[in-house]
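Worksheet: one structure, shown below.
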């Protein structure tokens, strides 16, 4: 078996045009895979320099393999199984600015640099007032970015043609606003001046993005079989689902420089990413949140099995197509296409996605993912969506520490105050008291849900029915 390196792989040397903050599984299976496709299918002809955004990371492992690795895509595509292996050769080198700050700053001096891509997690886009311009490097990602951009500004004497296009991929709604705010704070703190700030605003656009691809990461269970198939000793293989979506809030003209459409990639340049963010939260995360307790109470432990179940599968489709789609404003054809894609993702034959893993912090998830749809459905239809309400009743039942038919006991995992509230309600109250107490918990919802017409009665009825008849029987009734 060969070691994976430039000695064993013939690779094309391409211009370094992209600086990437983040060397983790997601960007390597998402953005870098896409750049590979653009290099292969268009004249994009670009390579990536990876920058490790925190002191401890993986750049040494990347460099050990000369930044070569494979992406293993697994899942369903138009009903057909996909299980592919693709070598990714777009990363030219990986830098640790904590060990070689000068090499990091010199990236700003390369005239052909054009893009910055980042995924430093939701906690990465922060302003740390303890950072100094002279730090080697600044501790925060925005601080490092400002150091780089300021050096580029000085190197090219404010030439607007040498600006960089910035795509933050952190999972934050309007991640561009958060990043620009932190950048502005550093400009003020470090007194970098109006001329630099004007250059940034005019030459370095920051575009809000929404990224969507499930990336399980390193395939521990299958690694030996995959290496045997590849005949390479690749210790950086990344598994990901087939589905991918990158929504970028920016002008269509961006596609001239970033030709993802020409490579057939699911990358959209749109006036606003808000409806796509709402679509993802509503049609991917929303069904997850209610299918999980309903499935578990029906003695089903894996999302794929729930989708394929004769009864629960119909329940999931009801929630998605009959209820949640009705609350969104994109075209129905577009929403149904996306919903069908989501169902294929739920049905991934290669991923055993536990419903219990989804149920961490179920009440806050229901608040952000399903409650808005419940209210909108009521406003538009004049009645409550039965599937979404049953999902809420199922969550409340799960938090009772329920023992199901096969003897498994629920293990609710949430904020301490929420667990205590549910324990007190289930210990001391009637079923209606439990429903009223949960719906009235303003600490959870930020409001009293008992004021929603008919909700208390419906939740109370479902709680009683689940207790008396069992989950599957109740689902059959609402279908």
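Quick one: residue 385 ticks every box in (1) out of contact with any helix residue (DSSP H, G or I) (no Cβ under 7 Å at 6 or more places or on another chain); (2) within 21 Å of residue 315 (Cβ to Cβ); (3) surrounded by 13 or more Cβ atoms within 10 Å (Cβ to Cβ) except a single one, so which number is it?
(1)
What are the residues in region 427-442 that are in contact with a helix residue (DSSP H, G or I) (Cβ under 8 Å, 6 or more places away or on another chain) and not in a helix (DSSP H, G or I), if any?
Result: 429, 440, 441.
Just checking, does region 443-451 include any residue being more than 31 Å from the chain's Cα centre (by Cα), at pLDDT 95 or above and not in a helix (DSSP H, G or I)?
No, that holds for no residue.
Yes or no: residue 118 under 28 Å from residue 215 (Cα atoms) and out of contact with any helix residue (DSSP H, G or I) (no Cβ under 8 Å at 6 or more places or on another chain)? Working first, answer last.
Values: under 28 Å from residue 215 (Cα atoms): yes; out of contact with any helix residue (DSSP H, G or I) (no Cβ under 8 Å at 6 or more places or on another chain): no.
Judged against the criteria, residue 118 is not a match.
Results for (1) more than 17 Å from residue 99 (Cβ to Cβ); (2) modelled with pLDDT of 95 or more; (3) part of a strand (DSSP E or B), shown as yes or no for each residue.
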{"position": "18", "(1), (2), (3)": "yes, yes, yes"}
{"position": "28", "(1), (2), (3)": "yes, yes, no"}
{"position": "39", "(1), (2), (3)": "yes, yes, no"}
{"position": "56", "(1), (2), (3)": "no, no, no"}
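Only residues that are touching a strand residue (DSSP E or B) at 6+ places or on another chain (Cβ under 8 Å), free of Cβ contacts under 8 Å to residues at least 60 places away in the same chain and under 21 Å from residue 47 (Cα atoms): list them for region 101-140, please.
Start the filter on region 101-140 by keeping residues that are touching a strand residue (DSSP E or B) at 6+ places or on another chain (Cβ under 8 Å), which leaves 103-104, 107, 110, 112-120, 124-125.
After this cut, where a residue has to be free of Cβ contacts under 8 Å to residues at least 60 places away in the same chain as well, the list is 103-104, 125.
103, 104 - these are the residues of region 101-140 that are touching a strand residue (DSSP E or B) at 6+ places or on another chain (Cβ under 8 Å), free of Cβ contacts under 8 Å to residues at least 60 places away in the same chain and under 21 Å from residue 47 (Cα atoms).
I'd like to know if region 317-326 contains one or more residues that are free of Cβ contacts under 8 Å to residues at least 40 places away in the same chain, over 24 Å from the mean Cα position of the chain (by Cα) and either in the same structural domain as residue 345 (by TED's automatic domain parsing) or more than 17 Å from residue 476 (Cβ to Cβ) (or both).
Initial filter on region 317-326 (free of Cβ contacts under 8 Å to residues at least 40 places away in the same chain): 317, 320-321.
From what's left, over 24 Å from the mean Cα position of the chain (by Cα): none.
No, every residue in region 317-326 fails to be free of Cβ contacts under 8 Å to residues at least 40 places away in the same chain, over 24 Å from the mean Cα position of the chain (by Cα) and either in the same structural domain as residue 345 (by TED's automatic domain parsing) or more than 17 Å from residue 476 (Cβ to Cβ) (or both).
Is there a residue in region 211-222 that is out of contact with any strand residue (DSSP E or B) (no Cβ under 6 Å at 6 or more places or on another chain), in contact (Cβ under 8 Å) with a residue 40 or more places away in the chain and either in a helix (DSSP H, G or I) or not assigned by TED's automatic domain parsing to the domain that holds residue 109 (or both)?
Scanning region 211-222 turns up no residue that is out of contact with any strand residue (DSSP E or B) (no Cβ under 6 Å at 6 or more places or on another chain), in contact (Cβ under 8 Å) with a residue 40 or more places away in the chain and either in a helix (DSSP H, G or I) or not assigned by TED's automatic domain parsing to the domain that holds residue 109 (or both).
The values are calculated or read from the model by the stated rules, or taken from the named source; none is laboratory data. Everything quoted here is computed from the prediction, not taken from an experiment. Glycine also receives a Cβ, built like all others from the backbone with ideal geometry; neighbour counts cover every protein chain displayed.
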